[in-house]
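All remarks here apply to the structure that follows.
The values are calculated or read from the model by the stated rules, or taken from the named source; none is laboratory data. Everything numeric in this text was worked out from a predicted model, so none of it was measured. Every residue, glycine among them, receives a Cβ derived from its backbone with ideal geometry; neighbour counts consider all protein chains shown.
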Amino acid sequence: MTEPLAQQVFLALGDPMRRELLERLVRQDGQTATELAAELPITRQGVSKHLAILSEAGLVSARQQGRDRRYSFTPGPLHLTVDWISALTRQW
């Protein structure tokens with residue numbers, strides 16, 4: 001795992017709202033920012049900003065579907081992070 005990717009993943013996961021958004025996308029893939037905001041105490045614009053940070057870390061991907069932008073969880077960076085942490089703990 002590269003240092004910049006690790007920093008982005010930890011930064012993205014460091015916020016409780018971003019963790020909540022990620023959990024919601026794991027449970028129900030392909031939601032829009034509007035759909036996510038409808039169930040949370042945050043505006044659509046706030047959700048979009050959090051999704052952008054998750055996307056920069058590679059934890060979320062977006063696809064255009066008509067006029068909607070649908071977001072999905074991308075597990076790759078999280079797997080790399082878990083592997084990296086596991087490797088560290090084996091050294092103890």
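For ALA62, are the conditions met, namely being farther than 16 Å from MET17 by Cβ and at pLDDT 95 or above? Can you show your working first?
Details: farther than 16 Å from MET17 by Cβ: yes; at pLDDT 95 or above: yes.
Answer is yes for this residue.
Scan the range 71-92 residue by residue and report those that are among the polar types (S, T, N, Q), in contact (Cβ under 8 Å) with a residue 40 or more places away in the chain and within 14 Å of LEU5 (Cβ to Cβ).
Filtering the range 71-92 for residues among the polar types (S, T, N, Q) gives 72, 74, 81, 86, 89, 91.
From what's left, in contact (Cβ under 8 Å) with a residue 40 or more places away in the chain: 72, 81.
Result: THR81, single match.
Mind listing just one residue for me: the one in the range 7-19 that is within 9 Å of the chain's Cα centre (by Cα) and farther than 12 Å from ALA52 by Cβ and, of those, surrounded by the most Cβ atoms within 10 Å (Cβ to Cβ)?
Kept after step one, since they are within 9 Å of the chain's Cα centre (by Cα), are these residues of the range 7-19: 9, 12-13, 18-19.
Checking which are farther than 12 Å from ALA52 by Cβ leaves us with 9, 13, 19.
On the way: VAL9: 21, LEU13: 18, ARG19: 14.
For the range 7-19, the residue satisfying everything is VAL9.
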Within the range 20-38, residues being loosely packed, with under 14 Cβ neighbours inside 10 Å, farther than 18 Å from HIS79 by Cα and of a type in the set (Val, Ile, Thr) number 1
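For every residue, the table says whether it meets (1) closer than 21 Å to GLN8 by Cα; (2) of a type in the set (Ser, Thr, Tyr); (3) touching a helix residue (DSSP H, G or I) at 6+ places or on another chain (Cβ under 6 Å).
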{"residue": "THR32", "(1), (2), (3)": "no, yes, no"}
{"residue": "ALA37", "(1), (2), (3)": "no, no, yes"}
{"residue": "LEU40", "(1), (2), (3)": "no, no, no"}
{"residue": "SER48", "(1), (2), (3)": "yes, yes, yes"}
{"residue": "ALA57", "(1), (2), (3)": "yes, no, yes"}
{"residue": "ARG69", "(1), (2), (3)": "no, no, no"}
{"residue": "GLY76", "(1), (2), (3)": "yes, no, no"}
Taking the range 25-72 and keeping residues among the β-branched types (Val, Ile, Thr) and not in a helix (DSSP H, G or I) leaves THR32, ILE42, THR43, VAL60
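Specify which of the listed residues (GLN45, GLN8, GLN31) is free of Cβ contacts under 8 Å to residues at least 40 places away in the same chain and of a type in the set (S, T, N, Q). Write out each step before concluding.
Numbers: GLN8 fails: free of Cβ contacts under 8 Å to residues at least 40 places away in the same chain; GLN31 fails: free of Cβ contacts under 8 Å to residues at least 40 places away in the same chain.
Being free of Cβ contacts under 8 Å to residues at least 40 places away in the same chain and of a type in the set (S, T, N, Q) holds for just one of GLN45, GLN8, GLN31, which is GLN45.
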